[in-house]
Amino acid sequence: INSRQGIPVETDLFVGKVMLLVKPDKPEDDPYWHDKLFSKKKRRFEMKLQGKLKYKPKGNLYGGAEVTDQMRLGLVSKGLCSILLKLVSQKIAGIHYSFGDSKGDEWAHIVFPAWTFFDKIVATKPGDTPP
């Protein structure tokens, strides 16, 4: 069910590949990734990102996600999300989020400092083979 090849991704800062891997219901549905990632862990999914930065960033590096459509949350849903995100903000310094705006000037997003977002960062020198 999961691919063994990443999907190309490119931004102003980064070029590389991304993979979203989901734990299969049964190990035999995807024995390759089940054995490599899921058999000894409780995790249900893993995102792998491999690539390189186009230039050395200034300041802190963040990781996160955004959606291109405005989030249409009801009053109660938006209130609950805001409360939960404020609680998370108290535990993780540097988190930033937005539900987007109606004019489309800002997309809905959530970002965290890289040191809290990424489980593992492996740096390889130019010319070396990445793991």
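For first residues located in the stretch 107-131 and closer than 16 Å to V88 by Cα and in contact (Cβ under 8 Å) with a residue 24 or more places away in the chain, partners that are of a type in the set (S, T, N, Q) and open to solvent by less than 50 Å² (accessible area, probe 1.4 Å) and lie 6+ apart or on another chain with Cβ distances below 7 Å form the pairs H109/S98. Do we find that K42 is among the basic types (K, R), open to solvent by 70 Å² or more (accessible area, probe 1.4 Å) and more than 28 Å from A108 (Cβ to Cβ) in this structure? Yes; evaluated as a whole, the condition is true for this residue.
Of Q70, Q50, all but one fail to be of a type outside the set (D, E, K, R), at pLDDT below 90 and over 29 Å from G127 (Cβ atoms); the exception is Q70. Regarding the stretch 6-24, can at least one residue be identified that is more than 17 Å from the chain's Cα centre (by Cα), surrounded by 15 or more Cβ atoms within 10 Å (Cβ to Cβ) and not hydrophobic (A, V, I, L, M, F, W, C)? Yes: the stretch 6-24 contains one or more residues that are more than 17 Å from the chain's Cα centre (by Cα), surrounded by 15 or more Cβ atoms within 10 Å (Cβ to Cβ) and not hydrophobic (A, V, I, L, M, F, W, C). Go through the stretch 72-106 and report how many residues are open to solvent by 80 Å² or more (accessible area, probe 1.4 Å), farther than 20 Å from T11 by Cβ and not hydroxyl-bearing (S, T, Y). Adding up the residues that qualify gives 12.
Within the stretch 87-102, residues that are within 15 Å of L61 (Cα to Cα) reach partners that are of a type in the set (A, V, I, L, M) and in a helix (DSSP H, G or I) with beta carbons closer than 7 Å, at six or more positions or on different chains, in the pairs I95/V88.
Within the stretch 33-46, residues that are farther than 18 Å from Q5 by Cβ have Cβ atoms under 9 Å from residues that are among the aliphatic types (A, V, I, L, M) in these pairs: F38/L21; R43/L37; R44/V22, counting only partners at least 6 apart in sequence or on another chain.
The values are calculated or read from the model by the stated rules, or taken from the named source; none is laboratory data. Computed from a prediction, not measured in an experiment: that's the story for all the values here. Virtual Cβ from ideal backbone geometry, glycine too; neighbours counted across all protein chains shown. When the accessible area is computed, the model is the full protein with side chains, heavy atoms only, and any ligands, DNA or RNA have been set aside. Shrake-Rupley method; radii C 1.70, N 1.55, O 1.52, S 1.80 Å.
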